[in-house]
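Asker: The following block contains the structure, expressed as structure tokens.
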Amino acid sequence: MKRILLNLLCLCFALTLSAQVSKTVTISAGGLSSALTASEKSTVTNLTINGTIDARDFKTMRDELTVLSVLTMSGASVGGYTGTGGTVSSQSVVYPADAIPIYAFCNTDFIGKKSLTSVTLPAGIKLIDMRSFWGCSGISSITNLSTSLTEIGSGAFYSCGNALTITIPSSVTTLRSMAFEAFNGTLVVDGSNPNYSSWDGAIFNKDKTTLLFCPASKSSFTIPLSVNTLGYGAFSHCMNLTGAFYIPFGVKEIGSSAFRNCEKLASIVIPSSVDTIGNGAFSECRILQSLTVHCSVPPLFDTGTLAFHLIDKKKCILYVPKGSLLLYLAANGWKDFENITEIPVVSSFPYTEDFSYGQVYSWNIIDNVGEGQVWGLQNLRNREIYTPSSSNGFMIIDSDCFGSGKTQNTDLISPTFNFLDKTLIQISFYHYYRHYQSSEAKFFYSIDNGITWVEKDRWVSEISNSIRSNYDLTSELAGQTTVKFKWNYVGTWAWYWAIDDFEVKANAPLQANLTIQNVSVENSTNVCYNAENQITLAGNSTTVDFVSGSTVDLIAGQSIRFLPGFHAHNGSQVHAWITTDGSFCDQSPAPIMAQSIDKSSFIEGQSESNGISGEDHFVKLYPNPNNGMFTVELKNYDSATVEIYSLSGAKMLHISNVESGVFPLNIGIQKGIYFLKVCEGGSQKIKKFIVQ
């Protein structure tokens, strides 16, 4: 028995040795094929080459060495070659010296050499030419990228690598478009490179204002606040990105093919700072369910209208700012979406914005001079601003950054607010204005969605760092439904103005009885009416119209009366209930509420009956905690009911017939503990989450 085991071990060892066949050759340019036997070409896995090689030898490595895995060329140099014997054999090509040639390890049918796992480059390489390692998905190591290297060609490392890290030396001056498209690894740039930089495995220009390549290996990625341009194909083929993707405020240009074939993204949010979208920017995002654009004027397309190629424009909802619907319905590219709807105005209070970490989507920036010197989230000069939340970001216009002779005139504009049923409106914000000569800082409000503005305050001398400005605007804004706020800065090589922790409080004092008459609640308007005893709608030849698309809550302590003249139009939502816990509009955690249920029925986890296994269903809610904006992810559901309840048991959201997918939600609820309930058939799952 021992002898049999020994023989088996020897056999296994011999098989292991036979699996790794090494060969070292010293050749002259074009001599690799003749230096190897036919048997060696089909068995050599580890090849070391010394001497001189050219494009003909790369063709031999690519096409004739069928199991080549480890390639060492550090002892070789690459000579120039002109002819039809190189890697593009169908035509005569001039192949430069000191270059990894075009199609070196990828044939002209775009099939990469997948057997390659490790490559040590020849010394003195200056160019890695286009598509040289295209599709070499098995490579886990590429070494000897020397300081002679100056250029990496288009598609050179397309779909290349498996946990591969490439360090780009300081000498590289040119990275061609798509050089690292669909690259499955990590990219690092030598810190002394004067042209490029890296962060979190991605490549940028030196000052990180342009994102060039994000590896396809990323399952999530946060764009730095310094970025104002997403380059050509920046996220192309990033098929590991899932759920919702937020482009941060400050990005102005989304380059061609920037998100091409990000086929697992369900939602994309575009900030109001974007003014240009490149051709095919979102093409082939096949499961995209919503696209939210916070630009009041539809962004331009630099070429053609293929930005949304192969997106299902029947199912994907396009959300646009209030007042801009007609513009999008008429704009090339945008008008192709069959479901365009306006983003609901802010009608749940208190509303706060602390400009945290670039997550600002409903705000707008206006450049009244046209020089690009505007408000932003990036604190370029590291100004010390003392506000309650300054550590996580603030808005700033820093005139000093732009230098001598440069003039700024820029507006920071809030979202639209609805104060239809509000009678007490208070506005506040922290700010620090450092004055210089003729610079000015002004605060405005508008009651017509920004068509005209009323100046409320101005500063022409320096203030403390920082102060809180408070305004009671009840008399000016009560009952208005399209209110905006604006901060305007004007300066010429002056100092700066920072804004933070903007807050809007609005409520209506509770009346004993409320009679609603001659009122029309418009589309996309959320309104809450309450009374301590009784609410009466219409009557005495008056009318109350809740127009299609509106959402109205009615909360009373004792009774609600619907009289002749009341009309809830098709497509409106009306929720009326008698409060059982003393909560009215001011205390209500959401604009959408229905009947209350016993909170003791909530046990986080799952409940099963009727033979339906909850284990087949998957429910995820993130982030948790959140600020009322979060994402729900469902798997293995065909027609689920999704509901959200407060801790007291008040139903705040109800959606029927929900299929599996990823759904970003922003329901504007107040701080507290809530429950997400997902039901299908006899199965239910409940998730607890916190709004901070």
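The values are calculated or read from the model by the stated rules, or taken from the named source; none is laboratory data. From a predicted model like this one, the values you see are computed outputs, not experimental measurements. Virtual Cβ from ideal backbone geometry, glycine too; neighbours counted across all protein chains shown.
Asker: Considering Glu462, Glu503, Glu476, which residue is out of contact with any Gly (no Cβ under 8 Å at 6 or more places or on another chain) and assigned to a loop (DSSP other than H, G, I, E, B)?
Answerer: On inspection, the qualifying residue turns out to be Glu462.
Asker: May I pose another question? Test Ser132 against the criterion of being assigned to a loop (DSSP other than H, G, I, E, B), out of contact with any strand residue (DSSP E or B) (no Cβ under 6 Å at 6 or more places or on another chain) and among the hydroxyl-bearing types (Ser, Thr, Tyr), and give yes or no.
Answerer: The answer is no for Ser132.
Asker: Give the stretch 263-274 a look and list any residue that's at pLDDT 90 or above and not aliphatic (A, V, I, L, M), or say none.
Answerer: Glu263, Lys264, Ser267
Asker: For the stretch 177-227, give me each residue that is closer than 22 Å to Thr150 by Cβ, in the same structural domain as Thr150 (by TED's automatic domain parsing) and hydrophobic (A, V, I, L, M, F, W, C).
Answerer: Met178, Ala179, Phe180, Phe183, Leu187, Val188, Val189
Asker: Something else now. From the list Tyr328, Tyr319, exactly one residue is part of a helix (DSSP H, G or I), in contact (Cβ under 8 Å) with a residue 12 or more places away in the chain and not assigned by TED's automatic domain parsing to the domain that holds Lys484. Which is it?
Answerer: Tyr328
Asker: Can you pull out every residue in the stretch 440-459 that is in contact with a Gly (Cβ under 6 Å, 6 or more places away or on another chain) and part of a strand (DSSP E or B)?
Answerer: If the condition is that a residue be in contact with a Gly (Cβ under 6 Å, 6 or more places away or on another chain) and part of a strand (DSSP E or B), then no residue fits.
Asker: I'd like to verify a number: residues in the stretch 541-589 that are modelled with pLDDT under 80 and on the phi > 0 side of the Ramachandran plot, how many?
Answerer: Selection size over the stretch 541-589: 3.
Asker: Which condition number does Cys160 fail, the rest of (1) without any contact (Cβ under 8 Å) to a residue 40 or more places away in the chain; (2) hydrophobic (A, V, I, L, M, F, W, C); (3) buried (at least 19 other Cβ atoms within 10 Å of the Cβ) being met?
Answerer: Going through the list (1) without any contact (Cβ under 8 Å) to a residue 40 or more places away in the chain; (2) hydrophobic (A, V, I, L, M, F, W, C); (3) buried (at least 19 other Cβ atoms within 10 Å of the Cβ), Cys160 breaks only (1).
Asker: Looking only at the stretch 384-434, which residues are over 18 Å from Arg468 (Cβ atoms), of a type in the set (A, V, I, L, M) and assigned to a strand (DSSP E or B)?
Answerer: Ile397, Ile413, Leu424
Asker: Output yes when any residue across the stretch 36-43 is touching a helix residue (DSSP H, G or I) at 6+ places or on another chain (Cβ under 9 Å) and either within 25 Å of Leu145 (Cα to Cα) or without any contact (Cβ under 8 Å) to a residue 24 or more places away in the chain (or both), and no when none is.
Answerer: no
Asker: From Ile343, Ile254, grab the single residue that is under 23 Å from Val374 (Cβ atoms), at pLDDT 95 or above and either outside the structural domain of Asp448 (by TED's automatic domain parsing) or surrounded by fewer than 23 Cβ atoms within 10 Å (Cβ to Cβ) (or both).
Answerer: Of Ile343, Ile254, the one residue that is under 23 Å from Val374 (Cβ atoms), at pLDDT 95 or above and either outside the structural domain of Asp448 (by TED's automatic domain parsing) or surrounded by fewer than 23 Cβ atoms within 10 Å (Cβ to Cβ) (or both) is Ile254.
Asker: Give me the pairs, please: first residue somewhere in the stretch 375-404 and under 24 Å from Lys252 (Cβ atoms), second residue anywhere and among the hydroxyl-bearing types (Ser, Thr, Tyr) and in a helix (DSSP H, G or I), beta-carbon distance under 9 Å, and either six or more positions apart or on two chains.
Answerer: These pairs meet every condition: Leu377/Tyr357; Asn392/Ser356; Asn392/Tyr357; Gly393/Ser356; Gly393/Tyr357.
Asker: Hey, does the stretch 302-319 have a residue that's of a type in the set (Gly, Ala, Ser) and farther than 22 Å from Gly255 by Cβ?
Answerer: No, because not a single residue in the stretch 302-319 is of a type in the set (Gly, Ala, Ser) and farther than 22 Å from Gly255 by Cβ.
Asker: In the stretch 148-165, is there at least one residue being farther than 17 Å from Ala258 by Cβ, at pLDDT 95 or above and outside any loop (DSSP other than H, G, I, E, B)?
Answerer: yes
Asker: With the condition being among the aromatic types (Phe, Trp, Tyr), I'd like the strands (runs of 3 or more DSSP E) fully within the stretch 511-581 carrying at least 1 qualifying residues.
Answerer: Of the strands (runs of 3 or more DSSP E) lying wholly inside the stretch 511-581, those with at least 1 residues that are among the aromatic types (Phe, Trp, Tyr) span 526-537, 544-546, 559-562, 566-568, 573-578.
Asker: Now a separate question. Any idea which residue in the stretch 479-500 is farthest from Tyr436 (Cα to Cα), counting only those that are part of a loop (DSSP other than H, G, I, E, B) and of a type in the set (Val, Ile, Thr)?
Answerer: Thr481
Asker: Restricting to the stretch 361-383, name every residue that is assigned to a loop (DSSP other than H, G, I, E, B) and in contact with a strand residue (DSSP E or B) (Cβ under 7 Å, 6 or more places away or on another chain).
Answerer: Once the filter is applied, which keeps residues that are assigned to a loop (DSSP other than H, G, I, E, B) and in contact with a strand residue (DSSP E or B) (Cβ under 7 Å, 6 or more places away or on another chain), the stretch 361-383 yields Tyr361, Trp363, Asn368, Val369, Gln373, Val374, Trp375, Leu377, Asn379, Leu380, Arg381, Arg383.
Asker: Next question, about the same structure. If the Cβ limit is 6 Å and pairs must be 6+ apart or interchain, which residue in the stretch 632-643 that is small (Gly, Ala, Ser) pairs with which residue that is surrounded by 15 or more Cβ atoms within 10 Å (Cβ to Cβ)?
Answerer: Ala640/Val658; Ala640/Val678; Ala640/Glu680
Asker: Sort out which residues of the stretch 233-254 are under 23 Å from Leu306 (Cβ atoms) and of a type in the set (Ser, Thr, Tyr), and write them in order of number.
Answerer: Ser236
Asker: When the residues of the stretch 640-664 are filtered to those that are among the charged types (D, E, K, R) and farther than 11 Å from Glu680 by Cα, which remaining residue is modelled with the lowest pLDDT?
Answerer: Per the criteria, the residue is Lys651.
Asker: Also, I was wondering about something else. Which strands (runs of 3 or more DSSP E) does the stretch 180-245 wholly contain that include 3 or more residues that are surrounded by fewer than 23 Cβ atoms within 10 Å (Cβ to Cβ)?
Answerer: 185-189, 196-199
Asker: Restricting to the stretch 273-297, give me the number of residues that are out of contact with any Pro (no Cβ under 8 Å at 6 or more places or on another chain), more than 23 Å from Val483 (Cβ to Cβ) and surrounded by 21 or more Cβ atoms within 10 Å (Cβ to Cβ).
Answerer: Qualifying residue count, the stretch 273-297: 8.
Asker: Which residue pairs have Cβ atoms closer than 6 Å, lie 6 or more positions apart in sequence or on different chains, and pair a first residue in the stretch 496-515 that is on the phi > 0 side of the Ramachandran plot with a second residue that is modelled with pLDDT of 90 or more?
Answerer: Once the first residue is on the phi > 0 side of the Ramachandran plot and sits in the stretch 496-515, its partners that are modelled with pLDDT of 90 or more give Asp501/Asp354; Asp501/Thr387; Asp501/Pro388; Asp501/Ser389; Asp501/Tyr430.
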